[in-house]
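Read-outs throughout are calculated quantities, based only on the coordinates presented, and are distinct from any laboratory measurement. What you are looking at is a predicted structure, and each value in this text was computed from that prediction instead of being measured. With ideal geometry, Cβ positions are generated from the backbone for all residues, glycine too; neighbour counts draw on all protein chains shown.
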Amino acid sequence: MAAGTASLARRRERQGRALRGASLSYLGVMVVLPILAMAWQAVEPGPGAFWAAVSDPYAWHALKLTFATAIIMVLVGAVTGTATAWVLVRYEFPGKHLVNALIDLPFAVPTVVTGVMLVALYGPSSVVGAILAEGGVRVIYDQPGIILALLFVTYPFVIRSVQPVLLALDRAEEEAAATLGAGPWTTFLRVTLPTLWPSILTGSALSFSRALGEYGSVVMVAGNQPLLAKTAPIYIFGEIESGNRHGALAVSAVLLASSLLILVALNALQRRGEVRDAS
Amino acid sequence: MRAESGEAAEAVVPLRRREGSPWGRRLLIGAELAWFAALILVPGLALARQALAGGLRPLVEALAEPAVQRSFAMSLGITLVATAVNTVFGVAMALVLVRQRFFGRTLVDGVVDMPFAVSPIVAGLMLIVLYGPDSAVGGWLEARGFQVAYALPGMVLATMFVTVPFVVRELVPILRELGEEYEQAAHTLGAGRWRTFWSVTLPSIRWGVAYGVTLTVARCLGEFGAVLVVSGNVMGRTQTATLYIAEGIESFHPEGAYAASLVLAATSFVLLVGMDLLRARLERSEEVES
């Protein structure tokens, strides 16, 4: 009987190793190999060629535009996302459950369809687009359209990150502050916000990383005008199409490195938070 | 006497203030709902209006076009394969990450998330670099009559790449929460790994798997950038629904594109309802567990 259990345990051990080997191999072939192949080809021609490709005026403008639109989106998204999470957690109103369920819609809608929606609403042939054009505002085929598209596709990130923290928040501290005579604003800024910061930061970092790479929705609303509304992913696709493989690779490497850096920093931040919570 | 009533008034005022004035609350709720409607709902309605501009018949006719039907069949096929493979991988990887201790586990945990950090366009470029006809691997495969880049296998690979993390990320916290006691009890009673997995582990994580699968399906159906780069956008031959839409909008016959967009938007709405139901299930099963 003892020998039987021991051999069973050995067999389980062997099966466990096989499972690990298989899943790690899949991950290696599917994810690690393509990333390494790209990184290698991007840096292989040397730092001089890499710098030349990135500092090409069109490439540089595309990168600047990508970061600028992502920053504007994050600033707007952090405020509206926190406020929406607050409204959904703290207040009761008719249709609350429906709204809460629909928050995730941007995660489910294909990015291209998002772009089509925005063109249908703000495009030059639409009513709204015509009214805006009268006022001298161009949304579609210009930079405001890009920011709108980014706000749409990243809408759930901050809300879904802040909501659980707000739900779990102990309200005793807020009540204490209120009893001590602090108004709702002071209570929010001094008591609630410091607890919410990490979750707001997490949601913002995820949306920023997503915004850097967003293509489907942005390409539909941005058109294809260089030095105006051509973001880095649009630039990369253009360079692939026109056969400038290295130009595409260098800008891709910059995008990828920025995104990874953000996620690594976020991870470190969360780890530190966990350590602090545990102690 | 006066001092006493003053104290009482002071104690009452903050309690009322704490909730904020009803008008302030109404204003905040109104502002957030208006922002949500303007950003998310109104564009959706604009699409519906555009697609139904000529009534229902032109919509049905546009959807009956062979090109539209072929592209939807292609999207569904790719979704089926990518979701099946990544679900099996996702369950296995989550089990390995939670139940096993090995060197580099934290690194692997981070690598699983990497596709989230990669732009779809860059993901497509990676696959071209690795499997393109002028690469070592691509050349070797092509010599054996197997084309990956600019063909269907590449499009499947691209879709698989972008959806690698979904099932894993959904299951890791659930497995961790679940703990090992039931599995160990099954082992003690003499059940092998398979038996334990099928009759103990899987039933406890099934709603999590379903949630991860729903997210994967939504992303597969909607994937555009990565598939665009890898397909080489060969007209008519290798086209998914999203590629068809993008091409239709750029051409001068956008009716089919609007119709197909409406179908995809409706599909994502259905998936979202499914996600909401699953989340309710997940929360309930967590309550039962604890």
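Here are some notes:
- Here the Karplus curve 6.51 cos²θ - 1.76 cosθ + 1.60, taken at θ = phi - 60°, turns the phi angles of segment A:121-127 into couplings of 7, 10, x, x, 8, 8, 5 Hz, with x standing for Gly and Pro.
- Taking amide H positions as modeled 1.01 Å from N, with prolines and chain starts lacking one, no residue 5 or more places away or on another chain lies under 5 Å from residue A:154.
- Here the Karplus relation 6.51 cos²θ - 1.76 cosθ + 1.60, evaluated at θ = phi - 60°, turns the backbone of segment A:141-149 into coupling constants of 6, 8, 5, x, x, 4, 5, 4, 4 Hz, with x for every Gly and Pro.
- Candidates A:192, A:28, A:126 compared by Cα position along the dipole of chain A: farthest toward the positive end lies A:28, with charges placed on Cβ.
- Sorted by Cβ neighbour density within 10 Å, fewest at the top, the residues A:89, A:79: A:79, A:89
- Hz values of 3J(HN,Hα) by residue in segment B:68-82 - Karplus curve (6.51, -1.76, 1.60), Gly and Pro given as x: 5, 5, 4, 5, 5, 4, 4, 4, 5, x, 4, 4, 4, 5, 4
- Taken over the protein assembly as shown, the convex hull of the Cα atoms encloses 207 Å³ per residue.
- Residue exposure sequence - B:35, B:207, B:194 - by fewest surrounding Cβ within 10 Å: B:194, B:35, B:207
- Per-residue ellipticity at 222 nm from helix content only, as computed over chain B with -39500 (n - 2.57) for each DSSP H run of at least four residues, stands at -25500 deg cm²/dmol.
- Structure-based [θ]222 nm, chain A - -39500 (n - 2.57) summed over DSSP H runs of at least 4, per residue, nearest 500: -25000 deg cm²/dmol
- Net length gained if the chain between residue B:279 and residue B:252 were fully extended (0.36 nm per residue, minus Cα distance): 5.5 nm
- Here B:155, A:30, B:114 are placed in order of increasing Cβ neighbour count within 10 Å, fewest first, which gives A:30, B:114, B:155.
- Check: chain A dipole with +1 on Lys, Arg Cβ and -1 on Asp, Glu Cβ, in debye: 1020 debye
- Cα-centred dipole magnitude for chain B, charges only on beta-carbon of K, R (+1) and D, E (-1), debye, nearest 20: 200 debye
- Here's the picture: charge each Lys and Arg Cβ at +1 and each Asp and Glu Cβ at -1 in segment A:33-179, and of A:135, A:103, A:145 the one pushed furthest to the positive end of that dipole is A:135.
- D (Stokes-Einstein, µm²/s), Kirkwood Cα radius, segment B:58-289, 1.567 mPa s at 4 °C: 66 µm²/s
- If you take the Cα centroid of segment B:183-253 and the Cα centroid of segment B:122-177, the two points sit 13 Å apart.
- Peptide-level mean, for B:29-41, of C-beta atoms on other protein chains within 10 Å: 6
- Leading residue at positive end of dipole, the protein assembly as shown (Cβ point charges), from B:66, B:202, A:18: A:18
- On the basis of the beta-carbon distance and an R0 of 30 Å, residue B:53 and residue A:169 show a calculated FRET efficiency of 0.05.
- For segment B:198-290, trypsin sites (Lys or Arg not before Pro) meeting the loop criterion (DSSP other than H, G, I, E, B) and having at most 16 other Cβ atoms within 10 Å: B:237.
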